[in-house]
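Here is the structure we will look at.
Derivation of every value follows stated rules applied to the coordinates shown; laboratory data play no part. Since we're looking at a predicted model, the values are computed, not measured. Counting neighbours? That spans all protein chains shown, and the Cβs are built from the backbone with ideal geometry, glycine included.
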């Protein structure tokens with residue numbers, strides 16, 4: 001009967017309920033011989049035990065319960081037959097999530113329910129990607145050092161002018177608190193008790209933290225992670241289409257470089273940092289430079305890290321790349337070439353020692369293709385220079 005009721009028109013449903021109640025009352029008050037005799041016996045028993053009205057009360061409450069169920073049933077079918085939006089308006093959600101890390105390097109998910117409006121951002125590469133995405137008006141504090149400050153100002157003059165405040169990378173905790181951020185965008189190394197406090201410390205105060213996937217040096221860094229970094233930033237700040245366009249353009253440039261270097265000789269390479277007259281430290285394959293060399297068909301001489309000149313002399317690579325940070329350290333490659341201790345090296349004798357700016361080999365982000373191109377030119381000087389301008393697409 002309930003199934004039949006569901007398909008009745010609205011004008012007939014009320015009549016159906018009344019008819020069902022009528023049948024129920026008639027069955028309860030039926031005067032059949034068997035039913036009457038049973039009812040009289042039950043009544044006599046109740047009278048003897050002092051329960052004179054309990055039978056009538058049971059029937060009354062049973063009837064009441066059945067009627068209540070029928071009313072609920074009528075109400076249910078009447079509501080659900082209406083359009084859903086008449087009952088519960090559709091809720092538009094902007095919830096998004098990306099992978100990030102806490103201060104201990106453990107993976108977490110950053111859930112975005114509202115686009116960040118007051119951003120404190122550290123490191124030139126993180127600042128640049130926000131400028132490229134047109135988000136400078138949300139930056140309440142940008143922390144970076146020369147020459148990156150001048151470089152970004154020259155390449156993004158309109159966006160750079162929208163940044164509310166510029167501070168040194170070693171910014172104080174008090175200055176960040178005064179900026180009242182709703183999100184802090186920085187490398188993992190920034191979040192410690194000795195610097196800007198831990199990620200947990202900020203979360204307890206209602207401030208989100210975003211450490212990109214390329215910042216965690218405990219994990220292997222790759223070209224694909226650099227492209228993911230760009231896409232993730234687009235998700236966090238609500239600019240996915242723009243970020244995807246930039247990532248796609250860089251990916252296409254990388255593909256062109258790989259095509260030009262496919263099938264070339266496999267040089268034995270070492271990538272160094274440090275002052276050659278004092279010390280040298282090599283990068284191993286888990287760093288981004290390892291993936292760069294793999295993409296270009298070259299290989300690292302060793303995946304074991306060393307810190308001494310003697311090991312470098314024994315390994316004697318075909319090509320040496322030397323990282324530098326600024327104008328002072330830019331001379332490290334030249335120092336290696338001129339230092340008597342390294343004259344026997346094959347790379348020195350053939351003048352295949354090349355300086356590489358750190359921004360093109362560690363978290364290069366928008367400059368990933370340019371970084372790969374610099375390594376390609378060192379390995380294969382005759383290839384075409386297809387990537388001179390590292391600015392993102394307009």
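Mind ordering 352-358, 374-380 by average Cβ neighbours within 10 Å, highest first? All intermediate terms of the calculation are to be shown ahead of the outcome.
Details: 352-358: 19.0, 374-380: 21.4.
Descending packing order for the listed peptides: 374-380, 352-358.
So, R0 is 51 Å and r is the distance between the beta-carbons of residue 241 and residue 265; what FRET efficiency does that work out to, to 0.05? Intermediate values should be presented prior to the final figure.
Numbers: r = 41 Å, r/R0 = 0.80.
With a Förster radius of 51 Å, E is 0.80.
First measure r as the distance between the Cβ atoms of residue 327 and residue 118, then evaluate 1/(1 + (r/R0)^6) with R0 = 35 Å and state the FRET efficiency to the nearest 0.05.
Computed FRET efficiency for residue 327 and residue 118 comes out at 0.50.
Contour minus end-to-end for residue 192 and residue 97, with contour as 0.36 nm per residue of separation and end-to-end as the Cα-Cα distance? All intermediate terms of the calculation are to be shown ahead of the outcome.
Working: separation 95, 0.36 × 95 = 34.20 nm, distance 2.36 nm.
Gain in length upon complete extension: 31.8 nm.
Explain nothing, just the number: relative contact order of the range 138-177, from Cα pairs under 8 Å at least 6 residues apart, as a whole percent. Provide the component values of the computation, followed by the final result.
Details: 33 pairs, mean separation 23.0, N = 40.
RCO, the range 138-177: 58 percent.
Taking 0.36 nm per intervening residue step and subtracting the Cα-Cα distance, what contour gain separates residue 177 from residue 248 on full extension?
Numbers: separation 71, 0.36 × 71 = 25.56 nm, distance 3.67 nm.
So the extension gain works out to 21.9 nm.
By how many nm would the segment from residue 383 to residue 310 grow when fully extended, if each residue of separation counts as 0.36 nm and the alpha-carbon distance is taken off? Spell out each step's value before the answer.
Details: separation 73, 0.36 × 73 = 26.28 nm, distance 3.32 nm.
Contour length minus Cα-Cα distance gives 23.0 nm.
Would you work out if the range 239-349 is rounded, prolate or oblate? Take a ≥ b ≥ c from the square roots of the eigenvalues of the alpha-carbon gyration tensor; rounded if a/c is under 1.5, else prolate when a/b is larger than b/c, oblate otherwise. Intermediate results must be reported in sequence, preceding the final value.
Values: a/c = 2.42, a/b = 1.75, b/c = 1.38.
Prolate is the answer for the range 239-349, as a/c is 1.5 or above and a/b outweighs b/c.
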